[in-house]
1. Take the residues in segment A:65-101 that are buried (at least 16 other Cβ atoms within 10 Å of the Cβ) and more than 28 Å from the chain's Cα centre (by Cα); name whichever of them is farthest from A:L255 (Cα to Cα).
2. Mind checking which residues of segment A:150-201 are buried (at least 17 other Cβ atoms within 10 Å of the Cβ), over 21 Å from A:E110 (Cβ atoms) and hydroxyl-bearing (S, T, Y)?
3. Being within 17 Å of A:V149 (Cβ to Cβ) and in a strand (DSSP E or B) is the filter here, so list the residues in segment A:175-201 that pass it.
4. Of these, A:L15, A:L67, A:L48, A:L63, which one is part of a helix (DSSP H, G or I) and at pLDDT 90 or above?
5. How many residues does segment B:5-22 contain that are modelled with pLDDT of 95 or more and of a type in the set (A, V, I, L, M, F, W, C)?
6. Does B:A88 satisfy the criteria of being part of a helix (DSSP H, G or I), at pLDDT 95 or above and away from every other protein chain (no Cβ under 14 Å)?
7. Select, from B:A77, B:A73, the only residue that is farther than 22 Å from A:I24 by Cβ, within 14 Å of another protein chain (Cβ to nearest Cβ) and either outside any helix (DSSP H, G or I) or out of contact with any Gly (no Cβ under 6 Å at 6 or more places or on another chain) (or both).
8. For residues that are touching a Phe, Trp or Tyr at 6+ places or on another chain (Cβ under 8 Å) and not small (G, A, S), scanning just segment B:58-70, find the one that is nearest to the other protein chains (Cβ to nearest Cβ).
Amino acid sequence: MPSSPTATNTGIPSLLSTEEQLRIASAAVYEKSRELNQKNQELNELSLKLTDANTKLSELDKLKSNLLELATHRLRGPLASIRGYASMMVEGGFGTDLTAIKDASRKIDEASTSMETMIDEFLVASSLASNAVHFNMTPFDMGGALRGVIAKLNPLAATKQLQITSEIDPQQLIVNGDPDYINRALMIVIDNAIRYTPDKGSIAIKLAPNSDRSMIRFEVIDTGIGMTADTISKLFSQFLRAENAFKFYVWGNGLGLYIAKQIIDGHSGVIQVSSEGEGKGSVMVIELPSLSPAVSITSPAQSISEVAPAAQDTFFQPEVGSPKPSINLIK
Amino acid sequence: MNTLDQVASSIIKDQEKVIGPLAWDEAAQVTGLQILDRKTGKVEIVANSDHGKVIDDLVSQYVELFGRAAREACREAAAPLIAGLPAAEVPSSLK
């Protein structure tokens, strides 16, 4: 007698069980796969961050190498000068000629000062390039800052009998920025104009709001050595020195305008240069966003009391035959 | 692509990351959903169909195969897109 079909011999329960088991296994695999996918995404993000960090490190490493190379190369010049003159003095090469000894001492002083400036600029350029600089933003009067910079650089201009004129708008020209760094940028631009303008040349400095008063415009126009279009295109790069620049200032390090640009960029400003060519002078322009004159000035160093009450031009006119030019203030 | 077309595309592409090309094969079985381009992820819900139901069917397709985790994956994939939709237009499977 044939046995009736049962759950066991038809195999149906075990088939259902297998289907169910497959479903469960499939869900488990799905969940694991999803987890893996999420981990994979996290890994990709980490990988991108690592790549980015690695690129920045490579750039910093390159900059460090450049700075090191430049430091050894550029510092060697003034150092050789110092050693040479010092050695001659020690060996009595100048005899009792006090004028020659004084001249050698002055050259040693000049070379050591330039070394100090170079080291300072290497450090600042390095910090700016690696975004390690924090600007202490505060509203301040750019007119007052500019007057201070011109006063500091007047002695340098006097040695070259340069005629410096300045037109600074008498009203407060308030910008939001780090006064120390903005001063440095202004100093670099005017210092460059002085150094690369032949003796008895002229430099015109202007500071005023632009036409819609949204920006403060600082302009330096000189009768200096000028530059080619090719030099202009690279002027704000690190370590660039125009070929004709060496004739005028041998100790330059090619970092000044790079630093100025980094500072101005960090203040949402614009720095530009134009020149009609070598020997035809140049015009350097910096524009910084203007703040309303109603904004109170927090820095006492740049307080309104320092600003001249009326428009004034500082007129620096060398007297013929005199090593110390006179300074006249014309209202 | 309208918002629900984008939701469908986003769900399928997200599933593809987990289960591979099978995600497209499963989506192709959903009535009312047209796969226009697998490479770009372009899909379209047929105009005269119930758009919400098509999305629900798509979600069910994955849930039947892979369980509740698949529903969560669909919700996560659709979340940024349905955030701007009125509550009444959000398919029930994604609520």
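The values are calculated or read from the model by the stated rules, or taken from the named source; none is laboratory data. Because the structure is a prediction, the values reported are computed rather than measured. Cβ placement follows ideal geometry from the backbone for every residue including glycine, while neighbour counts extend to all protein chains displayed.
1. Among those residues, the one meeting the criterion is A:F94.
2. Scanning segment A:150-201 gives A:S166, A:Y181.
3. Of everything in segment A:175-201, those that are within 17 Å of A:V149 (Cβ to Cβ) and in a strand (DSSP E or B) turn out to be A:V175, A:G177.
4. Values: A:L15 fails: at pLDDT 90 or above; A:L67 fails: at pLDDT 90 or above; A:L63 fails: at pLDDT 90 or above.
Answer to the selection: A:L48.
5. Adding up the residues that qualify gives 4.
6. Numbers: part of a helix (DSSP H, G or I): yes; at pLDDT 95 or above: no; away from every other protein chain (no Cβ under 14 Å): yes.
When the stated conditions are applied, B:A88 does not pass them.
7. Details: B:A73 fails: farther than 22 Å from A:I24 by Cβ.
None of the other options fit; the residue is B:A77.
8. If we filter segment B:58-70 for residues that are touching a Phe, Trp or Tyr at 6+ places or on another chain (Cβ under 8 Å), which is where we start, we get B:65-67, B:69-70.
Now drop any that are not not small (G, A, S), which leaves B:65-66.
On the way: B:L65: 6, B:F66: 4 Å.
It comes out as B:F66.
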